[in-house]
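S.K.: Handing you a structure now.
The values are calculated or read from the model by the stated rules, or taken from the named source; none is laboratory data. This structure is a prediction, so every number in the text was calculated from the model and none was measured. With ideal geometry, Cβ positions are generated from the backbone for all residues, glycine too; neighbour counts draw on all protein chains shown. Surface areas here come from the heavy atoms of the whole protein model, side chains and all, with no ligands, DNA or RNA. Shrake-Rupley method; radii C 1.70, N 1.55, O 1.52, S 1.80 Å.
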Amino acid sequence: MPNSMWHQCLEVLRDEFPAQQFNTWLRPLQSDHREGQLMLFAPNRFVMDWVNEKYLRRIEEVLKDLNGGQAPRVNMKVGSAPRESDPVKRSEMPARLNGQVLEEAGSRVTEEERGVAATVPGSTSVRPKSYSERRPVQIEGDIKHQSFLNEGFTFETFVEGKSNQLARAASMQVAENPGGAYNPLFLYGGVGLGKTHLMHAIGNEIVRRNPKAKVAYLRSERFVADMVKALQLNAINEFKRYYRSVDALLIDDIQFFARKERSQEEFFHTFNALLEGGQQVIVTCDRFPKEIVDMEERLKSRFGWGLTVMVEPPELETRVAILMKKAEQANVKLSSEAAFFIAQKIRSNVRELEGALRLVIANAHFTGSEITPPFIRESLKDLLALHEKQVSIDNIQRTVAEYYKIKVADLLSKRRTRIVTRPRQVAMSLSKELTNHSLPEIGDAFGGRDHTTVLHACKKIVELQETDPGIREDYQNFMRLLTT
Ligand SMILES: Nc1ncnc2c1ncn2[C@@H]1O[C@H](COP(=O)(O)OP(=O)(O)OP(=O)(O)O)[C@@H](O)[C@H]1O
């Protein structure tokens with residue numbers, strides 16, 4: 001059975017399942033066919049389990065038909081298919097704890113950690129959020145765990161879309177089976193995309209199912225501050241005991257652990273203790289674990305032991321749906337035309353989208369006006385001007401060149417080597433998406449190219465984003481870099 005049979009099989013499945021399901025679960029699978037066996041590679045264990053449970057039987061049936069009635073041997077694994085040109089195969093994710101010997105805590109509290117302890121007061125969070133954060137731990141006791149969760153952040157209020165489907169499904173699974181197969185759950189993605197919302201949704205759901213469950217939510221600064229305080233009060237054992245006694249530990253924005261060595265060490269031990277005890281750990285971060293700088297390798301690698309899922313920036317339809325939902329929650333009538341208008345203008349993240357909607361609603365209340373596109377344009381005038389000013393073709397070219405470590409002049413040149421053409425296509429596509437320039441204007445800005453070249457670049461990048469996870473990730477990074 002040749003590898004192409006998998007592609008034929010995918011074509012059959014594409015017609016059978018809704019596009020969203022197909023794109024989320026089946027399209028990301030890679031295949032390798034050797035010695036009569038088809039190996040399917042899933043990007044993570046969650047996708048593997050899901051496909052095994054929901055689609056594998058159908059996949060086998062289709063392959064059998066395509067293979068002249070002979071049942072194929074199909075196996076699944078986490079990882080990527082080996083490529084001829086790529087002798088270094090991406091490592092697979094170890095699925096279980098393997099009982100490594102833990103080291104004794106020995107790091108000293110750094111200046112950074114002392115600084116955090118001084119700036120995290122008992123009852124406020126360092127960065128303002130859309131909800132009030134209560135002091136999450138009192139080492140002395142009297143802990144009302146559930147009160148740290150924002151009750152408004154539930155699965156019901158979370159709008160599902162292509163960009164967050166995987167993260168939402170994984171979160172739901174963890175909520176239904178905490179401490180089970182996906183431990184730790186590592187949610188990552190750019191700012192304001194719903195990681196905290198999902199994390200609270202899991203916590204709320206765990207408590208809803210089991211009101212006695214001890215769920216502790218805290219931002220990583222709070223963990224640092226509590227640890228420093230515990231050390232000062234000679235209460236580090238209470239600190240340890242408390243954090244190790246919870247059923248689920250939810251730590252938000254783990255990137256703030258960078259350079260806080262003693263906290264990393266303490267967290268590492270807590271983390272291991274919880275995982276070994278079958279208690280759930282959920283972590284959010286603004287980047288992929290391996291990309292966190294100044295974080296111990298052993299901690300980063302441990303994050304990958306469970307399930308790592310990305311929350312991506314929402315596409316247009318999801319942005320519209322989010323706006324409709326938020327308006328409904330605020331008891332405001334928002335026409336789909338108005339929602340579409342806002343969603344088209346604000347593309348960076350959901351927090352900003354919500355902010356824009358709040359502003360429009362406040363203005364409408366204040367002036368007694370109806371929410372129409374011209375009214376929205378007027379209400380968001382300053383915000384939109386800021387966006388338009390920020391994203392220029394120039395800015396895109398500089399950002400792309402810097403990212404790929406080439407020169408802006410290369411992007412404008414006639415050079416056609418791969419090292420230059422792909423970044424050029426990415427930059428053209430971003431220019432189309434993020435600025436109001438026409439195709440001929442963009443062509444001009446890229447060394448006087450024809451508008452058909454720009455069009456081709458845009459199509460190519462859309463296509464590559466579907467098939468090449470590297471380009472997809474690059475593109476999302478650019479969206480984040482350029483629009484936030
Ligand atoms: N899919 C969604 N449906 C409904 N609301 C959403 C969705 N995604 C994000 N939001 C809302 O957007 C706001 C920002 O989300 P959240 O705080 O969870 O972002 P985040 O990814 O944790 O950002 P940060 O990295 O800055 O902490 C919240 O009010 C949240 O309710």
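S.K.: At a 1.4 Å probe radius, which order do Cys458, Cys9 fall into by accessible area, largest first?
M.R.: Final ranking, largest accessible area leading: Cys458, Cys9.
S.K.: Please report, as a whole percent, how much of the solvent-accessible surface of the chain comes from carbon and sulfur atoms (probe radius 1.4 Å).
M.R.: Answer for the chain is 49 percent, counting heavy atoms of protein chains only.
S.K.: Return the percentage of antiparallel bridges among DSSP beta bridges fully within the chain, rounded to the nearest 5 %.
M.R.: Here the antiparallel bridges make up roughly 20 percent for the chain.
S.K.: Quick check: Cα centre of the stretch 367-433 to Cα centre of the stretch 197-262, how many Å?
M.R.: Centre-to-centre distance over Cα atoms comes out at 39 Å.
S.K.: Another question, if that's okay. Assuming a ≥ b ≥ c are the square roots of the Cα gyration tensor eigenvalues, decide whether the stretch 384-470 counts as rounded (a/c under 1.5), prolate (otherwise, with a/b larger than b/c) or oblate.
M.R.: Verdict is rounded for the stretch 384-470.
S.K.: Running Debye on the chain with equal point scatterers at the Cα sites and no solvent, what base-10 log of I(q)/I(0) appears at q = 0.05, 0.07 Å⁻¹?
M.R.: With one equal scatterer per Cα and no solvent, log10 I(q)/I(0) is -0.22, -0.44.
S.K.: Further question on the same structure: Heavy atoms only, 1.4 Å probe, whole protein assembly: order Phe41, Phe375, Phe288 by accessible area, highest first.
M.R.: Phe288, Phe375, Phe41
S.K.: Run a plain Debye calculation on the stretch 343-442 (Cα atoms as equal point scatterers, no solvent) and give log10 I(q)/I(0) at q = 0.22, 0.24 Å⁻¹, rounded to two decimals, same order as the q list.
M.R.: -1.08, -1.20
S.K.: I've got another one for you. In units of 2.2 N^0.38 Å, what is the alpha-carbon radius of gyration of the stretch 5-64?
M.R.: Ratio of Cα Rg to 2.2 N^0.38 Å: 1.04.
S.K.: Now for a different question. What 222 nm value per residue comes from the helices of the chain, counting each DSSP H run with n ≥ 4 as -39,500 (n - 2.57) and dividing by all residues, nearest 500 deg cm²/dmol?
M.R.: -16000 deg cm²/dmol
S.K.: What are the trypsin sites (Lys or Arg not before Pro) within the stretch 375-437 that DSSP puts in a loop, where the Cβ has at most 15 other Cβ atoms within 10 Å?
M.R.: Sparse-neighbourhood loop trypsin sites (Lys or Arg not before Pro): Lys405, Lys407, Lys414, Arg415, Arg416.
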